Amino acid sequence: MSTPVVFQYQQALDEFRREGREPPLLKRMSELISLLDLTATLNSTLSGREILDAALLIVMGELQVSRGALYVRDPAGGFRLRSARGLPPGAPDVIELDEIPDRPKEPAPPVFGELGLVLVCPVRKADRTIALIGLGPRPEGSTFGPQETGFLQSLAACAATPIENGLMYDELHRVNKTLSVKVFQLHNLFDIGGELTSSLDEEAIKRLVITTVMGHFLASRAALYLLGEGGLDLAHVRGLRPDESPIRLPAEAAAEAEALPGPSRVGDLDSGPLRDALTRGRFGLAVPLTGGARVSGLLTVGERASGAPFGDEDFDYALALARQAQAALEGARLHRVALEKERQDRELQIAQEIQRSLFPRSTPTVEGLEVAAVSRPCHQVGGDYYDFIPLDGGRLALVIADVSGKGTPASILMASVHASLRATAGTTPPAVLLERVNRFLCASTQDNKYVTLFYAEIEPGSRRLSYVNAGHIPPYLVRAGGELDRLRTGGPVLGLLEDAVFEEGKVVLGEGDLLATVTDGVTEALSPDDEEFGDARACASLCASDDNASSALRQLVEAVEAWTGRPGFGDDLTALIVRAR
Amino acid sequence: MSELNVESRELEGVVLLYPKGFVNAHTVRLFEGEIQKALDRSQYQIVVNCAGLTYIASAGLGALMGVIEEVRHNGGDIRLADLNETVRNIFEILGFNHLYRIFPSEVEAILSFRGEGEGGGPGA
């Protein structure tokens, strides 16, 4: 421990001693050299631990004691043991004193006495005791005289500033390390935040959250559970050994997770299925993901590899990460929903275009007949359909139909009906025609999809009408004289019964007679009081009209609109009117 | 924007990975992918040469934590070599250096696997 300078002084002192100089003076000089040695040593080192060790050892060496302890004032109160030699086992880390000595005390207060320390000397800096040096008994029963305690005070005075510097250095080092960790954590939150907000891939988000939380806590396992139909379902897990299967959470766990106040140590959870499952999965931390008031998931983290317990600071970080994860997952989910909606809209638009192409572009002109028709879907794609099919010999086929369902499936079914009728109309009698179409639909459509349909063929001139009603609302035949007929002959709806048989009905339209076919959008149109428009009102509107086909049609539509009190309708509305002239 | 590339080679049955650039939340999948390739070949003795590694965020540490149980379960290990000061400081303040063996040079890391079995695979 000697420095060259101290060594030179020591040599000079040895020379004096050989020459038989005054012993007390020699002793004082020896002490001065020790003080010099202490100062030089303490100034050449920086770490608090080394300074404290050196200070204690020098004091013990100079006073020839084999037991010593250095207690340093702790910011949290009391004095903390920072360096010790020869102390009995079980010495307390922190000691509390009622009265803090400001000068060497012998005998030492009882807390020191119990450790075999007989003298306590304060290390003082600016009127404040910053540390206490406790020393064991001197050898051979000798006591600490005034000279020894005086020398001890000098040693303590020399050591005070280096000890304070050392403590400050340690504190700076500790703060610096804490700060570095904080900077690193903050950097990580930015790092993952940027990545999460820009990602719309749910799998990538789950993976990143898991990887980040494992890296942050240096935990070798983590899992993410997300709320599904069966409770909290395992969404992602990392760090299991190959022979381990991942832990699934029981259904009751969702309610337990809901009750968590925030990130929680698994060991602190109430006993129950959640705690059992997480303990079995060797998880130490459970972090609920909350979207609004509800729990949307649970992030679970394995114990830290270092074994350090999870503390309040860890909860803060876990909460920040869980919030980011929740927001990113919700963003990605909404994006997926929006994409799905966009796809459906596009599909619907295509269906609508298909359907629109199925309606005839213009109403036909047939000798002796006026024809008018309208179809207004209430949804983008409705289930109503009408058609005029020109046949051989100037005959005309009329079709009105209502297919079950809406949207794309309805438009596909409608296209089938349209195509099969267009391909075969006029080649066989109407009843046979509908039997064929029925068999075709039974074979080609899904169960429980069906069509109500009215099909009629009109001969020009004679105005003879052959028809088949397949489960459709019976068309109204309003005679010029005012009496009303309904065209009911036919059979069941199409598409359900493969062997259905149809019967053909025949009527002759007289001059001025009006034939009106409608769908349930007319008869079942609801008033604001939920009352149906009904047959009676439809008949009344039709009977009141003695004008041409298009005005009769307009009057009917206006009557329905007035009934519902709304410009749109609750259902598709389709009507086809023929008046004989 | 190439923030990271990872080259790999094999020497004496040890897989050597050379990450170059940043391992952060954005690039971690690439880093994980390279480690996973080794595991898929049942190679469990891995050295990550960090000479070109500028920075590693917690996502990167998580990638190492995520496979370490599997690797060690199969008798292998992931060892690190040639850390720059920034990366070494990160490892030290987080205590990562207590969980993974770190060597001054790649050669020392490779030699440390000698006598620890070959590849560490279950069939080896």
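The values are calculated or read from the model by the stated rules, or taken from the named source; none is laboratory data. Treat the numbers as computed from the prediction; the structure is a model and nothing was measured. Please note: Cβ atoms are built from the backbone with ideal geometry, for glycine as well, and neighbour counts cover all protein chains shown.
Just one of the listed residues (A:L232, A:L240, A:L208) is assigned by TED's automatic domain parsing to the domain that holds A:R304 and either of a type in the set (K, R) or in contact with a strand residue (DSSP E or B) (Cβ under 6 Å, 6 or more places away or on another chain) (or both), and it is A:L232. Inspection of the range A:134-141 finds a residue satisfying the criterion of being under 26 Å from A:D37 (Cα atoms), at pLDDT 90 or above and part of a loop (DSSP other than H, G, I, E, B). If the condition is being closer than 28 Å to A:E370 by Cα, surrounded by 20 or more Cβ atoms within 10 Å (Cβ to Cβ) and of a type in the set (A, V, I, L, M), then the range A:397-430 contributes A:A397, A:L398, A:V399, A:I400, A:A401, A:V403, A:M414, A:V417, A:L421, A:A425. The set of residues in the range A:87-100 that are surrounded by 13 or more Cβ atoms within 10 Å (Cβ to Cβ) and part of a loop (DSSP other than H, G, I, E, B) comprises A:L87, A:A91, A:P92, A:L97, A:I100.
Filtering the range B:70-94 to residues that are free of Cβ contacts under 8 Å to residues at least 40 places away in the same chain and among the small types (G, A, S) leaves only B:A81. The sole residue among A:G394, A:G405 that is touching a residue at least 12 places away in the same chain (Cβ under 8 Å), of a type outside the set (A, V, I, L, M) and farther than 22 Å from A:S357 by Cα is A:G394. Among residues of the range A:40-60 being surrounded by fewer than 18 Cβ atoms within 10 Å (Cβ to Cβ) and at pLDDT below 85, the one that is nearest to A:P92 (Cα to Cα) is A:R49. Scanning the range A:155-199 for residues that are surrounded by 15 or more Cβ atoms within 10 Å (Cβ to Cβ), in contact (Cβ under 8 Å) with a residue 40 or more places away in the chain, within 14 Å of chain B (Cβ to nearest Cβ) and in a helix (DSSP H, G or I) turns up A:Q185, A:L189, A:I192, A:G193, A:L196.
Would a scan of the range A:292-306 turn up a residue that is hydroxyl-bearing (S, T, Y) and within 13 Å of chain B (Cβ to nearest Cβ)? Taking every residue of the range A:292-306 in turn, at least one turns out to be hydroxyl-bearing (S, T, Y) and within 13 Å of chain B (Cβ to nearest Cβ).
Could you tell me whether the range A:380-391 includes any residue that is of a type in the set (S, T, N, Q), touching a residue at least 40 places away in the same chain (Cβ under 8 Å) and assigned by TED's automatic domain parsing to the domain that holds A:A552? No - not one qualifying residue is present in the range A:380-391.
For the range A:200-224, the set of residues classified as within 9 Å of chain B (Cβ to nearest Cβ) and small (G, A, S) consists of A:A204, A:G215, A:A219, A:S220, A:A222, listed by residue number. Of all the residues in the range A:313-349, those that are within 21 Å of A:E195 (Cα to Cα) and among the acidic types (D, E) number 2. For the range A:105-126, a residue qualifies if it is within 60 Å of the chain's Cα centre (by Cα) and more than 20 Å from A:G166 (Cβ to Cβ), and the qualifying residues are A:V111, A:F112, A:E114, A:L115. Filtering the range A:450-504 to residues that are in contact (Cβ under 8 Å) with a residue 24 or more places away in the chain, over 55 Å from the mean Cα position of the chain (by Cα), surrounded by 14 or more Cβ atoms within 10 Å (Cβ to Cβ) and in a loop (DSSP other than H, G, I, E, B) leaves A:E459, A:P460, A:R463, A:P475, A:R479, A:A480, A:L487, A:F502, A:E504.
Among the residues of the range A:225-248, is any within 23 Å of A:D314 (Cα to Cα), of a type in the set (S, T, Y) and within 11 Å of another protein chain (Cβ to nearest Cβ)? No, the conditions are met nowhere in the range A:225-248. Residue selection: A:G215 fails the criterion of being surrounded by fewer than 15 Cβ atoms within 10 Å (Cβ to Cβ), part of a helix (DSSP H, G or I) and in the same structural domain as A:S306 (by TED's automatic domain parsing). Scanning the range A:10-18 for any residue that is among the charged types (D, E, K, R), more than 60 Å from the chain's Cα centre (by Cα), closer than 18 Å to A:T149 by Cα and modelled with pLDDT of 75 or more turns up nothing.
Does the range A:276-289 contain at least one residue that is within 14 Å of chain B (Cβ to nearest Cβ), farther than 30 Å from A:G510 by Cβ and out of contact with any helix residue (DSSP H, G or I) (no Cβ under 8 Å at 6 or more places or on another chain)? Yes, the conditions are met somewhere in the range A:276-289. Of the strands (runs of 3 or more DSSP E) contained entirely in the range B:11-106, those carrying at least 1 residues that are surrounded by fewer than 23 Cβ atoms within 10 Å (Cβ to Cβ), within 12 Å of another protein chain (Cβ to nearest Cβ) and among the aromatic types (F, W, Y) fall at B:14-23, B:53-56. Only residues that are touching a Ser or Thr at 6+ places or on another chain (Cβ under 7 Å) and not small (G, A, S) were counted across the range A:16-57, and they come to 6.
Which ones in the range A:101-114 are part of a loop (DSSP other than H, G, I, E, B) and closer than 13 Å to A:I133 by Cβ? Within the range A:101-114, A:P101, A:R103, A:P104, A:E106, A:A108 meet the criteria. Being touching a Phe, Trp or Tyr at 6+ places or on another chain (Cβ under 8 Å) and free of Cβ contacts under 8 Å to residues at least 24 places away in the same chain is the requirement here; does A:D233 meet it? Here the answer is yes, as A:D233 does meet what is asked.
A:G230 satisfies every condition listed in (1) within 15 Å of A:S296 (Cβ to Cβ); (2) modelled with pLDDT of 90 or more except (2).
Residue by residue, here is whether (1) part of a loop (DSSP other than H, G, I, E, B); (2) of a type outside the set (G, A, S); (3) modelled with pLDDT of 85 or more; (4) not assigned by TED's automatic domain parsing to the domain that holds A:L477 holds:
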| residue | (1), (2), (3), (4) |
| --- | --- |
| A:G512 | yes, no, yes, no |
| A:D530 | yes, yes, yes, no |
| A:D535 | no, yes, yes, no |
| A:A538 | no, no, yes, no |
| A:R566 | yes, yes, no, no |
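Tallying residues that are under 23 Å from A:A308 (Cβ atoms) and either in a loop (DSSP other than H, G, I, E, B) or not assigned by TED's automatic domain parsing to the domain that holds A:A277 (or both) within the range A:218-229 yields 3.
Inside the range A:24-80, residues that are charged (D, E, K, R) and either in a helix (DSSP H, G or I) or farther than 20 Å from A:C121 by Cα (or both) make up a count of 8. Of the residues making up the range B:15-48, those that are within 11 Å of the chain's Cα centre (by Cα) and in contact (Cβ under 8 Å) with a residue 60 or more places away in the chain are B:L16, B:Y44, B:Q45, B:V47. Counting the residues of the range A:341-389 that are at pLDDT 85 or above, closer than 20 Å to A:S550 by Cβ and of a type in the set (D, E) gives 3.
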